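Just below is one structure, and these are the notes that go with it.
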Amino acid sequence: MAHYARGSAVAVIRLCNPPVNALSLAVLQALEDGLKKADADPSVKAVMICGENGKFSAGADIRGFSSPERHGGALGPIVSLIESSEKPVVAAIEGVALGGGLEVALGCHYRIAHMKAQMGLPEVTIGLLPGAEGTQRLPRLIGVPAALDMITTGKHIPATEALKLGLVDEIVEENTIEAAIRLANKVIGQPLGPRRLSLKPIPRLPNMEAFLREALVRVKQQARGWLAPELCFQAVRAAAERPFAAGVRRERELLQVLLTSGQARALQHAFFAERAVRRWAAPSGASWSSAAPQPVRKAAVVGLGTMGRGIVTSLVKANIPLVALEQNLEYLNKGRKAVMLLLEREAMKMEGGAQTLDFHNPARLHFTVDFDLLRDVDLVIEAVFENMALKKEIFHKLSKICKPGALLCTNTSALNIDEIASATSCPQQVIGTHFFSPAHVMRLLEIIRGRHTSPTAIATAMQLAKALKKVGVVVGNCFGFVGNRMMFPYVQQAVFLLEEGSRPEAVDQVLEDFGFKLGPFRMSDLAGLDVGWRSRKDQGLTGPSLPSGTPARQRHGQRYSPLPDLLCEQGRFGQKTGKGWYQYEQAGGRTATPDPWLHSFLSHYRDTHHIKTRFIDQEEILERCLFSLINEGFAILAEGIASGPEHLDVIYINGYGWPKHRGGPMFYASTVGLPRVLAKLQKYSEVHPDVPGLRPSAFLKKLVAAGNPPIKEWMSYLSQQSSKL
Ligand SMILES: CCCCCCCC(=O)CC(=O)SCCNC(=O)CCNC(=O)[C@H](O)C(C)(C)COP(=O)(O)OP(=O)(O)OC[C@H]1O[C@@H](n2cnc3c(N)ncnc32)[C@H](O)[C@@H]1OP(=O)(O)O
Ligand SMILES: NC(=O)C1=CN([C@@H]2O[C@H](COP(=O)(O)OP(=O)(O)OC[C@H]3O[C@@H](n4cnc5c(N)ncnc54)[C@H](O)[C@@H]3O)[C@@H](O)[C@H]2O)C=CC1
């Protein structure tokens, strides 16, 4: 809805569609009616458009995009109607003006914003472009470089920056609505021609052609298969090169391409999935409505290695005072140095912004080896070596030292939360908080609920994720939880493919072409091959505890590849040693080049084990890696380890570099079609009967038998789910 009201000479149109005043069909209709009413009323001399509840508008109603009568297309003519009004129209921007909301403001003759308002054209992030003539008006107002930056990245900009760019005419600290009405009264009778953006020439650049050429290269490099940024670029280029009307036609053509590409649907799934996972629920029925988070006034991090350093940095950035603890002074000094370096870099990035980092004050960040200093903290995050005995020892100590009610979190990547909790006297306060490396950068926080974890503990961990600006996803307790458990079969297939005749660079290429930032081998080299090696030794799969006589390529009757172990035995741990699946310029080097040593090692290995090499095509590489990962996802859903496919998708997009424009692994499976996923798994499983990861999950089979229902309905096919959440 939009409310129309007339006070003296200025008519007020208030967009009203809680919570964010999305431009639904009803809102657009009411906006149009309001404009026509104002036009027809001779006593109205000017119009002011604002939004209800201190928010201008977050743009078109994204939920409406999938409905049969999509209404995004109706917005362009309304923006033109605003602009062509013979009475001045002023936009009063509070809260947010995003997407179609900002396009409405661009149709207005004047824009005034509250200094805390945010503006942006985020359509690119949901696979679209600003299709209500925004790609044509914005460059005319703020110039091609700034418009291109906003439109191809979708970033939100604060009002202060909008003022500098000329996107708004004025910013105010107090009442935006009153200021807008004052402005409207002031401009009554002034010529409107110069204020109509469609009539404005594009601000020229001395080197527009060269600028556009270079910008296109940059946009393509960053997009990696994601269509929208390049098409946004093309639309802005049309603004630079064509008259307004022709530019608008081009914008419409490009929007049509995006609307039919499938990527928009995937990105919109990702948008809503991220919001859905915020609404966690425990099997007891507890949720946000019944469980309140505990305040975290002070925290502690135990272990300042790779992960602890990033976690400390994250907490400091969230302004949470903390104690950082190591096992001895040598490690403490190493950890402190590394943390300070990270924080200094972060502080530099934030320079000039509103927030500053306070990390030199020991009251806010205190380094110690003394566990006693953890007495008064509200929450501890343990990030010591991945070793059950050590973790239990630490948790036992924590439960004795920390104050009653303190939340005890472990950053373990796979170990059993219940076993860790069993070492304490307060298992209800123990929870997994699984950060991803680098912990101050990656958005995902996998939150693992143990058997005894209380709803308050879950609520507190979810609240912590929010404070750290991360996406918290609550999952159940099993080996590897959700993310790593799905990753195991994926990496396993990649290694099996090498045994059968492929090469690391061929496998990586296929998955990078699919959209992953790094293929499985480049990723393993970056993470360190020794990490998995240590875990396999602990599991008794390799190393001295392996019973003599165990076949080289079999464990517990299943296929096993000793290839990664053999590399580690050669000291090839990946980037850190300068050699792994690839070779690097030096230890710690970043540039991977194919390694002839590895190729001949692989040939020798195949000869030793009498493996007949065959050519493996791209389709097989992609399907065996991805479908085995997806298959594990179905098993996870059936076991109740996650509450829905969107949880798995959010985890993969935010923690594992899954290309967002493909919507996450489970959404991708739904677009491939479950019957096809099942048929391919069946085919590969027949060829490799000793690989459980390829054996189709019972839940996948059930969904196919049920006629391949849409992803939203999958969970309803699980009868009496045995939830481990
Ligand atoms: C035929 C098709 C033709 C297509 C035409 C081309 C497309 C266009 O040119 C026009 C467009 O405007 S496309 C939409 C562009 N706007 C956006 O992407 C803004 C999305 N929203 C946000 O960023 C944050 O919600 C925001 C920053 C606004 C607020 O963040 P918060 O963290 O405070 O709150 P959230 O939890 O994110 O949001 C609150 C509730 O509102 C829902 N919502 C947000 N934006 C929406 C939107 N644009 N449409 C529909 N629902 C929307 C959001 O899902 C959440 O609801 P619940 O999940 O039920 O709580
Ligand atoms: N490295 C990674 O990519 C990821 C690791 N993790 C998990 O995070 C945890 C830590 O891993 P990393 O940081 O990679 O290990 P790391 O080996 O880099 O660091 C562990 C740190 O813990 C310290 N430590 C050991 N015993 C201690 C004690 N008794 N008291 C205080 N500090 C002690 C060590 O001195 C060392 O600095 C592990 O459980 C790992 O599985 C989770 C996600 C990703």
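The values are calculated or read from the model by the stated rules, or taken from the named source; none is laboratory data. What you see is a predicted model; the values in this text were computed from it and never measured. Here Cβ is always computed from backbone atoms with ideal geometry, including for glycine, and neighbour counts include all displayed protein chains. For the accessible areas, the whole protein counts, side chains as well, though only heavy atoms, and no ligand, DNA or RNA atoms are used. Shrake-Rupley method; radii C 1.70, N 1.55, O 1.52, S 1.80 Å.
For the reader, a short list of remarks on this structure follows.
- Within region 485-530, the set of residues being crowded, with 21+ Cβ neighbours inside 10 Å and either at positive phi or of a type in the set (S, T, N, Q) (or both) comprises 492, 493, 502, 524.
- Residues of region 301-330 satisfying the condition of being more than 21 Å from the chain's Cα centre (by Cα), more than 8 Å from ligand 2 (Cβ to nearest atom) and more than 17 Å from residue 366 (Cβ to Cβ): 330
- Flag for residue 228 being away from ligand 1 (no atom under 16 Å from the Cβ) and touching a residue at least 12 places away in the same chain (Cβ under 8 Å): no
- Only listed residue being over 25 Å from residue 508 (Cβ atoms) and in the same structural domain as residue 522 (by TED's automatic domain parsing), chosen from 543, 571: 543
- Complete set of residues in region 164-201 that are under 19 Å from residue 84 (Cα atoms) and in contact with a Cys (Cβ under 9 Å, 6 or more places away or on another chain): 195
- Which numbered condition residue 293 misses (of (1) in the same structural domain as residue 417 (by TED's automatic domain parsing); (2) outside any strand (DSSP E or B)): (1)
- Index of the failed condition, residue 679 passing every other in (1) in a helix (DSSP H, G or I); (2) surrounded by 20 or more Cβ atoms within 10 Å (Cβ to Cβ): (2)
- Looking only at region 167-181, and only at residues there that are over 17 Å from residue 102 (Cα atoms) and surrounded by 17 or more Cβ atoms within 10 Å (Cβ to Cβ), the one that is nearest to the chain's Cα centre (by Cα): 172
- Of all the residues in region 278-290, those that are touching a helix residue (DSSP H, G or I) at 6+ places or on another chain (Cβ under 7 Å) and not in a loop (DSSP other than H, G, I, E, B) number 0.
- Test: residue 113 is aliphatic (A, V, I, L, M), under 21 Å from residue 171 (Cα atoms) and either more than 35 Å from the chain's Cα centre (by Cα) or modelled with pLDDT of 95 or more (or both): yes
- Residues of region 594-624 that are open to solvent by 50 Å² or more (accessible area, probe 1.4 Å), more than 22 Å from residue 514 (Cβ to Cβ) and not basic (Lys, Arg): 596, 597, 600, 603, 604, 607, 608, 609, 610, 613.
- Test: residue in region 590-605 that is of a type in the set (Val, Ile, Thr) and either within 20 Å of residue 489 (Cβ to Cβ) or more than 33 Å from the chain's Cα centre (by Cα) (or both): no
- Failed criterion for residue 390 (all others in (1) near ligand 2 (Cβ under 8 Å from one of its atoms); (2) within 31 Å of the chain's Cα centre (by Cα) hold): (2)
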